[in-house]
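Inspection log for the structure reproduced underneath, given as structure tokens.
FYI, it's all coordinate maths here, none of it is from the lab. Computed from a predicted model, the values in this text were never measured in an experiment. Cβ coordinates were reconstructed from backbone atoms using ideal geometry, including for glycine residues, and neighbour counts include every protein chain displayed.
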Amino acid sequence: MREFFEPTGVAVIGANDGNSTAGARTLLNLRERGYPGRIHPVSRRHRELHGLPAYPSVLDVPDPVELAVVAVSAEATPAAVRECGERGIRAAVLFAAGLDGETARGRELRAELRAACARYGVRVVGPNTVGIRLVQKGMFATFAHDLEGGLLPGSVAVVAQSGGIGVYLGSAYLKRRLAGTRYLVDTGNEFDVSAAEVVEYVADDPEVSCVGLILEGARDGRRLARAVRRAVGAGKPVVFFKVGRSAAAERHIASHTGALASSAELFDVALRDAGAAIAHDEATFVDALVIHDAKRAPRGRRLGVVTPSGGYAILTIDAAERFDMDLPAPVVEPTAAQAPALRSGEFANPFDWAARGAAQERTRPVAIRWMLDQPNVDAVLLWEAYSMEMPERRELIDAALTEALPGADKPLFICGIATPGSNGGCASTACCCFPSRCGWSRRSPWWRRRAPPCPRRTATGRTAPGPSGWSPAPARGRGCPACRTWPPRWSAAARGPPRVPGGGRGCS
């Protein structure tokens with residue numbers, strides 16, 4: 001597999017001038033993106049392309065050359081691969097569609113291709129692929145257009161069977177979330193090299209932080225599961241997104257790639273058992289990769305919430321119930337230094353800091369730090385809604401994060417509308433920003449395990465006693481029952497009973 005990602009030289013068969021064809025764009029991508037090896041255009045019509053000598057046949061290409069990018073028609077692809085084998089090239093990326101065996105001619109071409117590969121030992125990615133890339137090495141054997149929008153090198157590896165979806169989620173979308181890509185591999189129709197084999201390869205790269213896997217089907221499910229286990233065992237979380245969950249989509253997969261679509265339920269069970277996190281939509285897939293790339297995955301499902309609004313608190317409680325998350329009550333009382341800024345005994349989770357009446361520049365960082373210090377919380381969610389779009393408030397938020405986060409042993413997530421610049425500020429302070437409402441919780445595949453159960457009602461219908469010095473928190477004045485949380489009875493600082501907005505998870 002090394003020859004695919006770190007070849008000493010690349011032959012581009014079907015190279016052309018301009019930038020309108022797959023061969024022309026691939027040649028430009030290699031030349032302009034910093035590939036350090038030799039680049040050999042192969043074209044029968046040109047003797048020079050973009051300042052590089054061009055050759056009429058791959059047989060004429062000088063050393064070094066270890067990879068061929070075959071950007072010719074399906075009819076010409078088997079012969080091109082055969083010449084690669086004769087030249088001693090053992091790795092090829094095939095762009096052409098029409099080799100999937102859906103037609104009689106397609107089956108003939110596929111047989112010719114198989115014979116050439118078998119005779120010369122040529123390994124193939126594709127056909128019907130947009131290509132492969134190893135960003136930090138400048139290895140862009142691809143004709144994808146996303147490169148025109150700029151690159152963000154990083155440590156995420158994305159392996160997909162759909163080039164369009166792979167480029168969209170594994171490059172463009174990740175870049176918008178300020179998570180950079182290391183590998184992006186479209187395995188196409190998987191004539192030879194499979195997604196499982198690529199996962200095995202990237203799992204051994206110490207520069208990879210996590211792996212995104214976008215699949216339509218699999219020919220060897222057992223190997224795929226082993227590859228996922230290998231990656232997870234190497235400390236690289238795997239996030240899996242199954243494309244084609246409906247019967248209609250499965251039929252389209254067969255016509256689109258020639259692959260055998262597999263049951264989404266079987267995929268989910270098998271890969272979850274292998275250690276993968278399962279994402280059911282595009283946003284969740286990218287969110288999970290962002291969190292794992294930042295190494296901010298929570299240890300459990302217990303969430304502490306800091307919010308400037310009771311309405312946001314209620315939205316969060318609804319989401320926590322829907323997505324099976326816990327909002328445990330605080331167990332650590334504010335310190336003497338923290339208490340003046342928080343100004344109330346009604347300490348609960350969610351904590352509505354704006355209702356305290358203290359100055360924002362002091363209340364926000366103190367409230368964040370107080371919640372981060374709760375030992376029964378695995379992550380903290382800070383609601384900022386639209387504040388990050390306002391320069392003055394953004395400065396207050398940045399200052400609060402700078403003050404509150406140092407030394408924290410758990411992640412902080414910010415929920416609210418964010419510009420790319422806001423995301424950059426979040427990244428610099430080691431927190432993650434979710435621009436969508438409660439996007440942090442949507443089928444949250446990064447939450448690792450369930451928290452201990454909340455106290456349950458006794459046979460008499462009364463809430464079972466909590467730990468010493470605790471009492472259930474009534475939800476007063478809202479016309480709805482209380483959440484099963486357990487705020488402590490604060491001592492002299494308390495101003496009446498603790499208050500928790502009603503309607504949360506496990507309401508009784």
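The Thr335 and Asp273 beta-carbon pair, evaluated with R₀ = 45 Å, returns a calculated FRET efficiency of approximately 0.50.
Note on His145 and Arg44: the model spin-label points, each 7 Å out from Cα along the C-beta direction, lie 3.0 nm apart. Please state the shape class of the stretch 36-102: rounded when a/c is under 1.5, otherwise prolate if a/b exceeds b/c and oblate if not, all from the C-alpha gyration tensor. Prolate is the answer for the stretch 36-102, as a/c is 1.5 or above and a/b outweighs b/c.
Spin-label model, Ser20 to Glu32: label points 7 Å out along the Cα-to-beta-carbon direction sit 1.7 nm apart.
Length gained on full extension, Asp318 to Arg226: 29.4 nm, using 0.36 nm per residue less the C-alpha separation. Computed as a quarter of the hull surface, the mean projected area of the alpha carbon convex hull for the stretch 1-128 stands at 7.2 nm². Looking at the square roots a ≥ b ≥ c of the eigenvalues of the Cα gyration tensor of the stretch 144-295, which shape do they give, rounded for a/c under 1.5, prolate if a/b is larger than b/c, or oblate? Taking the square roots of the gyration eigenvalues as a ≥ b ≥ c, the stretch 144-295 is oblate. A crude spin-label estimate for the pair Glu265 and Glu361, with each label 7 Å from Cα along the Cβ direction, gives 5.9 nm. Other residues whose C-beta falls under 14 angstrom from the C-beta of Phe140 contribute a net charge of +1, scoring Lys and Arg +1 and Asp and Glu -1.
With K and R counted +1 and D and E -1, the other residues having a Cβ less than 14 Å from that of Leu27 yield a net charge of +2.
State whether the stretch 283-351 is rounded, prolate or oblate according to the following rule on the C-alpha gyration tensor (a ≥ b ≥ c being the square roots of its eigenvalues): a/c under 1.5 gives rounded; otherwise a/b larger than b/c gives prolate, and the remaining case gives oblate.
On the way: a/c = 2.32, a/b = 1.69, b/c = 1.38.
Prolate.
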